[in-house]
Amino acid sequence: MEMENSRKREHFSIEIGNEEDVLLTSIKEKMETISLSHIICRVPEQLHKGYEYQFFPSLVSIGPFHHGRASLKLMPDQKWRYLNSLLSRKPDSEVTLATCIKSLRHLETKARKFYCEPIEMGSDQFVEMLLLDGCFLIELLLVYTIRDLRRRDDPCFERNEDLIHLRRDLIMFENQIPFFILDHLFHLVPIPIGCHFSLVELASNFFKKMIPHCPKKAPIGPHLLDLIRQHYLPTSTQLLVPSSLGHAYISRACGLSDVGISIERRSCDSPSNITFFDGKLNIPSLEIHCYTEALFRNLIAMEQCQPGCSKHVSSYVSLMNGLISSKRDVRLLQEKEILLDGHETEGGIVLLFKSLHVDVNVMDFYYRGVCEHVSRYQGRKRDVFWVRMRNLYHKSNLGVASFSLVVLVVVFLFTGAFFSAVSFLLHHFQ
């Protein structure tokens, strides 16, 4: 009798355990689905108008938004070649293919919710797109890292210019598929013997030109663009707190230098770890390269469109926009090794930051505390200057003469600037 009751209790506990496992899995799936819903949206017209080439792919489409575009007809053949190469590394390629398709069908609903709008594609077409695009990206990352896998006639690597365009296409906000699809496929397809890299490591290596040289290990994001963005987020929590709202602006670099604020390079750090202490504005270095504009534009679009996304990169670009107003500012930041440029001119860097559209609410502006403390320091410096001039004025007749001379110089400078501005406006609007 006791043995029978024991078996019943054991059977009952197993049933409860199974029910809890099912419920746990169901809740976990719902949580993940909600957190990864409406991640990728179309970029608003006010952001892409006039800069479509920075937001829309020119070589390869990834995901549904640009799928089947006439201008991207050349790359689908390469996608099929990459799919075949990837699956053929094991003799049972048909079994692997069937496993991938079955797995993607299970993830289809979750993947569809990843986009902000309904995807007008049938189930078979959508799953085929996920398979083709996902395996293309995995094979591309493998072939890039492991050179022995490359074919001589591979169009992705024939010309450096094409690789640049391809890499730029893959960082576009509208041109993404969920990272969980990539990760899932990565663990199903045969990986070459001797490859001990994770998917994140392969992707980081492919995009290394865009990733700052810092020891930070980025967490897995919802897509490849976010993986890059993680390296631009602050790694330091020691940020100045504003007294109230704070300031959402900063003076140009040369203006700060003129009032005695020292601008120094902060070594080996995330670019956004900008600090101000004791009259020193410390800024990590930023490399200007052929991807800079497209990367910043798409990161800004991501922060503005993706629900719940912080505005760290938008704040960084806005701050740099304030610091860089002329070639002199660029020259100063280059001398300090804060701006590291390859082939971009000083004027080109000024135009680059001025052309970036950044709309950050003051409450979302990450550096409002830094800007407020910089502004206060500037104010104190000006006060000290006028106190010294007043003391000089009261000390001697020579002080009176010196003070008068300074006042005259200031008056002449403002007068000259005023008439120059009037002359320019009259000439410009004639």
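Label sites at residue 164 and residue 355, each approximated as a point 7 angstrom past Cα along Cα to Cβ, lie 1.4 nm apart. In sequence order, region 180-186 has phi-based couplings of 5, 5, 4, 5, 5, 5, 4 Hz under the Karplus curve 6.51 cos²θ - 1.76 cosθ + 1.60, θ = phi - 60°, and Gly or Pro positions carry x.
Shape verdict for region 87-184, please, from the Cα gyration tensor: rounded (a/c under 1.5), prolate (a/b greater than b/c) or oblate. Because a/c hits 1.5 or more and a/b fails to exceed b/c, region 87-184 counts as oblate.
Each Cα pair under 8 Å and six or more residues apart adds its sequence gap; the mean of these over the residue count of region 91-233 is a relative contact order of 25 percent. Answer rounded, prolate or oblate for region 38-109, using the Cα gyration tensor with square roots of eigenvalues a ≥ b ≥ c: rounded when a/c is under 1.5, else prolate when a/b is larger than b/c, else oblate. The shape class here is oblate.
Amide H to amide H, with H built 1.01 Å from N, residue 266 comes under 5 Å of 283, 285, counting only residues 5 or more places away or on other chains. Applying the Karplus relation 6.51 cos²θ - 1.76 cosθ + 1.60 with θ = phi - 60° to region 45-50 yields 3J(HN,Hα) values of 4, 5, 8, 9, 4, x Hz, where x marks Gly and Pro. A Förster radius of 41 Å combined with the Cβ-Cβ distance from residue 380 to residue 116 puts the calculated FRET efficiency at roughly 0.30. Remark: region 251-367 carries 39 Å² of accessible area per residue (probe radius 1.4 Å; ligands, DNA and RNA excluded). Relative protection proxy for 89-96, 56-63, 328-335, from highest mean packing down: 56-63, 328-335, 89-96 (other beta-carbon atoms within 10 angstrom).
Between residue 153 and residue 327, the contour length at 0.36 nm per residue exceeds the Cα-Cα span by 58.3 nm. Among the protein heavy atoms of region 92-155, carbon and sulfur supply 49% of the accessible surface, probe 1.4 Å, non-protein parts ignored. Assuming a ≥ b ≥ c are the square roots of the Cα gyration tensor eigenvalues, decide whether region 160-234 counts as rounded (a/c under 1.5), prolate (otherwise, with a/b larger than b/c) or oblate. Rounded, since a/c falls under 1.5.
Carbon-plus-sulfur accessible fraction, region 243-318 (probe radius 1.4 Å, protein heavy atoms only): 47%.
Rounded to the nearest whole Hz, the Karplus-based 3J(HN,Hα) values (6.51 cos²θ - 1.76 cosθ + 1.60, θ = phi - 60°) of region 108-124 follow the sequence 4, 4, 4, 5, 5, 6, 5, 9, 6, 9, x, 8, 7, 9, x, 4, 4, with x at glycine and proline. At R0 = 45 Å, how high is the FRET efficiency between residue 187 and residue 363 if r is their beta carbon distance? Nearest 0.05 is fine. So the FRET efficiency works out to roughly 0.65.
Extension gain, residue 278-residue 94: 0.36 nm per intervening residue step, less the Cα-Cα distance, totals 59.7 nm.
The values are calculated or read from the model by the stated rules, or taken from the named source; none is laboratory data. Since we're looking at a predicted model, the values are computed, not measured. Note that we place each Cβ from the backbone using ideal geometry, even for glycine, and neighbour counts take in every protein chain shown. For accessibility, only protein heavy atoms count, side chains too; no ligands or nucleic acids. Shrake-Rupley method; radii C 1.70, N 1.55, O 1.52, S 1.80 Å.
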